[in-house]
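Report on the following structure.
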Amino acid sequence: MNAHTALDLIASTDTPAAGSSDGLRRGDDYLRALNDGREVYVDGERVKDVTRHPAFAQAAQSAARLFDTAAHPSLRERMTYTSPTSGKPVMRAYQIPTSLDDLRTKRLASEVWSEGSFGMMGRTPDHVAGFFCGYAAVPEVFAAGGKQFGDNVVAFYEHLRESHLWATYAIVPPQIDRSKPGHKQSDPTLYAGVVKERDDGIVISGAQQLATAGVLSDYLYLSCIHPLQPGDENYAIGVALPMNAPGMRLYPRRPYALQATNGFDYPLSSRFDETDCFVVLKDVFVPWEKVFIYRNTEICRDQWWKTPSHAYGNLQAQARYATKLRFMIGLVKRMNEMTGNEAHPQVQVQMGEMAAMVQLVESMLEAQETKASIDANGVVWPCKKSLYAVMALQSEFNPRMVDMIRELTGAAMISLPSSLKDLDSPETAGDIERFMRSANTDARSRMALMRMAWDFVGTEFGNRSQQYEKFYGGASFLVKQNMYRAYDFKRATSMVDAALDLPPL
Ligand SMILES: Cc1cc2nc3c(=O)[nH]c(=O)nc-3n(C[C@H](O)[C@H](O)[C@H](O)COP(=O)(O)OP(=O)(O)OC[C@H]3O[C@@H](n4cnc5c(N)ncnc54)[C@H](O)[C@@H]3O)c2cc1C
């Protein structure tokens, strides 16, 4: 096998040979584990096996490629590091960085994985892995509720790392009635929370949103990032649940892969629909060893801000976003070339504006590393100012980028025939081949590119993707508050104070 990058791997059908993975999880191992009796419902019916259901089968294959990529001997150094406990290779996503170089290499590994879906899949295993690295780096935050909780979170992090597992999370209460806190809802068991304590663990009921990639993951981390009030203690938890936990149901939103009639007309929807799942829990038992936060609103808040969890998880999210932006601008460039608009100065001005936005994101990604800090335990924290600066503005400039694609393509994405069948039918092929081509390509190539562009911006898949960029890190007013907290206003105000203190003339 000569694959060296995720792009090579995704374009090939190669998988690492059995026995060559040195204990790492291969795509096949991962797919087998998904058929574990998890309760997933689509159109009112329970899905028997997500790896075979048309809504999820291709996304599961795309996810399996991530594990094959990490296990591939030629990418071993980039994608793995040596476990400090077993001495075996484990996924780099689980590395707790202790040098700037560690942080950079961790980001580059995320970049490889993100290229596997061209940035379309956001919650790949490295996202929540970042959060658990952050928790394990500062377990004192959890131990403030009792020593056992600090030990539990480290043990679970090590379990994820040593078994090469994928955790996702649901950390936002269901919308139902945002004007009231959880304990004042019409039924206090609507938001996911503790309903019973037992000697061997706790019992949870209620619902939580929105476990992206829940269908494809091994574990769900259930917690709360929403501000909690006194009286909300039952919702102030942090627990890990296997995806087949008895009593837990996943309700994925409408699966876009079901609308993808073929891979040519829907090249992205058909392969990369990671799904977003509403989670319903009915008397789900959690043993104490999988409980990290128990009825403690302060620790529930501190887990995000007094550990590097939020920064690691979102460094991955930004690495993925940068990949998606590169794909986006590459798509527009190819479309301009094909349409013959490339040389217009006005088109170049618009492309320049897009390129500036892509470059800003790429440079800020590097700034998170070069301006990172090291804590008292020797753990490297990415620079939060650089992270939140992009996240705070992403919900505004991402729609601008998408609008520019629409602007530059005119009717190209709409004036195509109904499907690939028009190209294949002897009755219509002549017209299609004659009129759908461009100056430098045949009709099939032009249709392939324009279909991909429409799947990116116009289909339900494309539109969900825009909603994701707006909300994956929380509502934008909250992200801007993160920036407010991170920014060094003192330096700015001291300059104004100095100007006011200038000696009188
Ligand atoms: C595609 C997608 C994938 C997601 N994936 C995940 C995931 O994997 N895991 C997870 O836990 N969550 C996930 N989320 C959920 C996401 O975290 C929430 O959508 C997000 O936190 C916003 O919460 P909400 O939807 O309840 O909006 P709300 O909190 O109800 O807010 C909706 C809007 O109301 C306005 N608003 C509300 N309150 C205020 C206020 N105080 N001040 C000003 N304006 C206000 C804002 O315009 C805000 O955007 C995902 C969401 C989307 C769309």
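Every number in this text was worked out from the coordinates using simple rules, so none of it is lab data. Nothing here was measured: the structure is a model prediction, and the numbers come from that model. Note: ideal-geometry Cβ built from the backbone for every residue, glycine included; neighbour counts use all protein chains shown.
When all alpha-carbon pairs of the range 248-307 are counted, what percent fall beyond 20 Å?
Values: 1025 of 1770 pairs.
Taking all Cα-Cα pairs of the range 248-307, the fraction more than 20 Å apart is 58 percent.
For the pair SER445 and GLN175, the difference between a 0.36 nm per residue extended length and the Cα-Cα distance amounts to 92.8 nm.
Label reach from LEU478 (point 7 Å along Cα→C-beta): in the range 273-310, amide nitrogens under 17 Å belong to 277-279, 297-307, 309-310.
For the range 307-495, what D do you get in µm² per second when you plug the Kirkwood radius from alpha-carbon pairs into Stokes-Einstein at 10 °C and 1.306 mPa s?
Numbers: Rh = 18.9 Å.
After rounding, the answer is 84 µm²/s.
Nearest 10 degrees is fine. How inclined is helix 100-115 to the longest principal axis of the chain, computing both from alpha carbons? Here the helix axis deviates by roughly 50 degrees.
Computed from the Cα positions only, the extents of the chain along the three principal axes stand at 82, 74, 52 Å, in decreasing order.
Out of all DSSP beta bridges with both ends in the chain, state the antiparallel percent to the nearest 5. List each step's numbers first, then the result.
Numbers: 33 of 40 bridges.
In the chain, DSSP labels about 80 percent of beta bridges as antiparallel.
Would you mind checking LYS106/LYS480; LYS180/LYS470; LYS196/LYS282 for any pair whose Cα atoms are more than 21 angstrom apart? Going by Cα-Cα distance, LYS106/LYS480; LYS180/LYS470 fall outside the 21 Å limit. Convex hull volume per residue, computed on the Cα atoms of the range 166-303, equals 117 Å³.
Just need the relative contact order of the chain here, percent rounded to a whole number, with Cα pairs under 8 Å and 6+ apart. Over the chain, the number comes to 15 percent.
Calculate log10 I(q)/I(0) of the range 372-463 for q = 0.26 Å⁻¹, where I(q) comes from the Debye formula with a single equal point scatterer on each Cα and nothing for solvent. Once normalised to I(0) and log-transformed, intensities are -1.26. Counted by Cβ distance under 12 Å from ASN152, the other residues give a net charge of -1, where Lys and Arg count +1 and Asp and Glu count -1. Whole angstrom only: what separates the Cα centroid of the range 452-492 from the Cα centroid of the range 208-275? Cα centroid of the range 452-492 versus Cα centroid of the range 208-275: 19 Å apart. Here the chain is assigned +1 on the Cβ of each Lys and Arg and -1 on the Cβ of each Asp and Glu. Its dipole about the Cα centre then comes out at about 380 debye. Computed from phi, the 3J(HN,Hα) profile of the range 411-418 under the Karplus parametrisation 6.51, -1.76, 1.60 (θ = phi - 60°) reads 9, 4, 7, 9, 7, 8, x, 4 Hz, with x in place of Gly and Pro.
What does the charge add up to near THR297, with Lys and Arg as +1, Asp and Glu as -1, over the other residues with Cβ less than 13 Å from its Cβ?
Working: positive: ARG295, ARG301; negative: ASP232, GLU233, GLU298, ASP302.
My count for the surroundings of THR297 gives -2.
Compared with the dominant Cα axis of the chain, that is its longest principal axis, helix 476-486 is turned about 60°.
The residue list VAL286, ALA475, SER21 was ranked by how far each Cα lies along the charge dipole of the chain toward its positive end, using unit charges on Cβ atoms, and ALA475 comes out on top. Remark: the range 166-303 carries a charge dipole of roughly 320 debye about the Cα centre, counting +1 on each Lys and Arg Cβ and -1 on each Asp and Glu Cβ. Could you run the Debye sum over the Cα atoms of the range 415-505, one equal point scatterer each and no solvent, and tell me log10 of I(q)/I(0) at q = 0.11, 0.17, 0.25 Å⁻¹, two decimals? Debye intensities relative to I(0), on a log10 scale: -0.60, -0.84, -1.15. Here the range 419-505 is assigned +1 on the Cβ of each Lys and Arg and -1 on the Cβ of each Asp and Glu. Its dipole about the Cα centre then comes out at about 280 debye.
Taking 0.36 nm per intervening residue step and subtracting the Cα-Cα distance, what contour gain separates GLN259 from ARG198 on full extension?
Values: separation 61, 0.36 × 61 = 21.96 nm, distance 4.53 nm.
Taking 0.36 nm per residue and subtracting the Cα distance, the gain is 17.4 nm.
Helical content alone sets the calculated 222 nm signal of the chain at -15000 deg cm²/dmol, taking -39,500 (n - 2.57) per DSSP H segment of four or more residues and averaging over every residue. Ordering VAL90, VAL203, ALA317 by Cα displacement along the dipole of the chain toward the positive end leaves VAL203 in first place; charges were set at the Cβ atoms of Lys, Arg (+1) and Asp, Glu (-1). Simple rule: put +1 on each Lys or Arg Cβ and -1 on each Asp or Glu Cβ in the range 234-380, find the dipole, and look at LEU331, TYR256, LEU365; the Cα lying farthest toward the positive end is TYR256.
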